[in-house]
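A quick write-up on the structure given underneath.
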Amino acid sequence: MQDISLHLLDIIENSVRAQAKNIKIRVIRNVQKNRLRIIVEDDGIGMDSHTLEMAQNPFYTSKQEREKKVGLGIPLFKQNAELSNGCFKMASEPGFGTVLTVDFELDNIDRMPLGNLKDTLLGAIVGHAEVDFSINLSAKEKGVEQSFHFDTAAIKEELGDIPLTYPDVIEYIDQSLQEGIQNTNMEEV
Amino acid sequence: MKTLADLKKIREKAQEEMKLRGGNVRIKIVVGMGTSGIAMGAREVMKTFLEEIANRNLTDVLVTQTGEKGLSSMEPVVDLIEEGKPKVTYGNMTPDKVKKVVVEHIVNGRTVSDYVVATGN
């Protein structure tokens, strides 16, 4: 994976496979604390403490389709966070869901870039119409906070039976995310 | 700034169109978004499908993302599913190949056999 947004996409797919109906994503860039924080919270089936530990092991996967039993998604994300003096935390409760908090040191030279957050979010939202996404972007810099909130449940309610893949809807979501990412200065992070 | 009022307009327009042609989905596109797919460029493949759908105003196509499919060596992998036809799986996809599949397969109804890695269920 070349950037944090690709890891985020991988984590979202994990939540979907865990049958999440609601996924909350927060990206917080805090210059004062020198920290870039990603939080993904889902209401999927969750994991017991054994599975939770195993999920961080590269030789474990829950994917039955895999011939070779490796699962690199979570271990690589963890490694990349720790390489930039950050940390990776995962908490879960069977039947309730999973919360993942990943911190990166903002100005660390080994930190991977945030990457294309917009394409990650657009693909996930349109590609999983059955899941409601709540997205919060926030930037704290020089005592000023800029934030952006995007909630797909409200959009689906407004659209009624019109699918998210309807061309104008794709453009609407794309432009909304673009504005939010620009307003919170998340483009070149 | 985009507002919910914009969505209302889109909804009205879409509902008019659906009255004319019915709300049927003709082709379902399924993009494999497992870890290996993502590492090989599946996000860009997904994005290109969405761009093409928007640019060409394809209103009878549905795109979804799915997890691992056991074809890791051919990622990114995409399934095209049409009613009454065997499923077509395209492999080693790139944004350029997506554009070709959209024109040939989705718009003109001809399978791009060079990119096919599996057919049937």
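Taken together, the values in this text are just the output of simple stated rules run on the coordinates, not laboratory data. The structure displayed is predicted, hence computed values, not measured ones. We place every Cβ from the backbone using ideal geometry, glycine too, and count neighbours over all the protein chains shown.
To the nearest 10 degrees, how steeply does helix B:4-21 sit against the main Cα axis of chain B, on a 0 to 90 scale?
With both axes taken from Cα atoms, the answer is about 80 degrees.
Quick one: net charge of A:Ser84's neighbours, Cβ under 12 Å, K/R +1, D/E -1?
Values: positive: A:Arg35, A:Lys78, A:Arg111; negative: A:Glu82, A:Asp103, A:Glu105, A:Asp107, A:Asp110.
In short, -2.
Once you sort the root eigenvalues of the Cα gyration tensor of region B:34-75 as a ≥ b ≥ c, which label holds: rounded (a/c under 1.5), prolate (a/b larger than b/c) or oblate (the other case)? Before the final figure, lay out the partial values.
Values: a/c = 3.42, a/b = 2.17, b/c = 1.57.
The shape class here is prolate.
Can you work out D for region B:1-57 in µm² s⁻¹ from Stokes-Einstein, where Rh is the Kirkwood radius over C-alpha pairs, the temperature is 25 °C and the viscosity is 0.890 mPa s? Could the numbers behind the result be given before it?
On the way: Rh = 14.0 Å.
Answer from the Stokes-Einstein relation: 175 µm²/s.
Counting DSSP beta bridges with both partners in chain B, what percentage is antiparallel, nearest 5? Mind showing how you got there, number by number?
Numbers: 11 of 17 bridges.
Counting only bridges with both partners in chain B, antiparallel ones make up about 65 percent.
Using only the Cα atoms of region A:4-183, build the gyration tensor, take square roots of its eigenvalues as a ≥ b ≥ c, and label the shape rounded, prolate or oblate: rounded if a/c is under 1.5, else prolate if a/b is larger than b/c, else oblate. It would help to have the intermediate numbers written out before the result.
Details: a/c = 1.86, a/b = 1.11, b/c = 1.69.
Taking the square roots of the gyration eigenvalues as a ≥ b ≥ c, region A:4-183 is oblate.
For chain B, divide the Cα radius of gyration by the Kirkwood radius and give the resulting Rg/Rh value with two decimals.
Details: Rg = 15.5 Å, Rh = 15.3 Å.
Radius of gyration relative to Kirkwood radius: 1.01.
Which value results when the Cα radius of gyration for the protein assembly as shown is divided by 2.2 N^0.38 Å? Write out the running numbers ahead of the final one.
Details: Rg = 19.6 Å, N = 310, 2.2 N^0.38 = 19.5 Å.
That works out to 1.01 for the protein assembly as shown.
Along the charge dipole of the protein assembly as shown, pointing to its positive end and built from +1/-1 on Cβ of Lys, Arg, Asp and Glu, which listed residue (A:Gln2, B:Ser36, A:Ser176) has its Cα farthest out?
Toward the positive end, the furthest listed residue is B:Ser36.
Let me have the 222 nm mean residue ellipticity of chain B computed from DSSP H runs of 4+ only, each contributing -39500 (n - 2.57), with the sum over all residues rounded to the nearest 500.
On the way: 4 runs with 44 residues, N = 121.
Here the helix-only value at 222 nm equals -11000 deg cm²/dmol.
How crowded by other chains is B:31-43, given as the mean number of beta carbons from other chains within 10 Å of each beta carbon?
Values: counts 2, 1, 9, 8, 17, 5, 3, 11, 7, 0, 1, 4, 11.
Partner Cβ neighbours, averaged per residue: 6.
Among B:Leu7, B:Leu58, rank each residue by its count of other Cβ atoms within 10 Å, from fewest to most, as a rough exposure measure.
Working: B:Leu7 23, B:Leu58 20.
Least to most surrounded, the residues fall as B:Leu58, B:Leu7.
So what is the calculated 222 nm ellipticity per residue for chain A, using -39500 (n - 2.57) for each DSSP H run with n of 4 or more, over all residues, to the nearest 500 deg cm²/dmol? Show your work: numbers first, answer last.
Numbers: 6 runs with 67 residues, N = 189.
The helix contribution divided over chain A gives -11000 deg cm²/dmol.
Can you flag which of A:Lys33/A:Lys89; B:Lys28/B:Lys69; A:Lys156/B:Lys2; A:Lys24/B:Lys13; A:Lys63/A:Lys118; A:Lys142/B:Lys2 are past 21 Å Cα-Cα? Mind showing how you got there, number by number?
Details: A:Lys33/A:Lys89 18 Å; B:Lys28/B:Lys69 16 Å; A:Lys156/B:Lys2 15 Å; A:Lys24/B:Lys13 30 Å; A:Lys63/A:Lys118 27 Å; A:Lys142/B:Lys2 27 Å.
Beyond 21 Å: A:Lys24/B:Lys13; A:Lys63/A:Lys118; A:Lys142/B:Lys2.
On C-alpha positions alone, give me the angle between the axis of helix B:42-55 and the longest principal axis of chain B, in degrees, nearest 10.
30 degrees
Report the relative contact order of chain A, percent, no decimals, based on alpha-carbon pairs under 8 angstrom and at least 6 residues apart.
On the way: 343 pairs, mean separation 46.8, N = 189.
Reported relative contact order: 25 percent.
Multiplying the sequence separation of A:Asn185 and A:Ala91 by 0.36 nm and subtracting their Cα-Cα distance, what value in nm do you get? Could the numbers behind the result be given before it?
Details: separation 94, 0.36 × 94 = 33.84 nm, distance 2.91 nm.
Stretched fully, the A:Asn185-A:Ala91 segment lengthens by 30.9 nm.
What is the antiparallel percent of DSSP beta bridges lying wholly in chain A, to the nearest 5? Mind showing how you got there, number by number?
Values: 31 of 40 bridges.
Taking every DSSP beta bridge within chain A, about 80 percent pair in antiparallel fashion.
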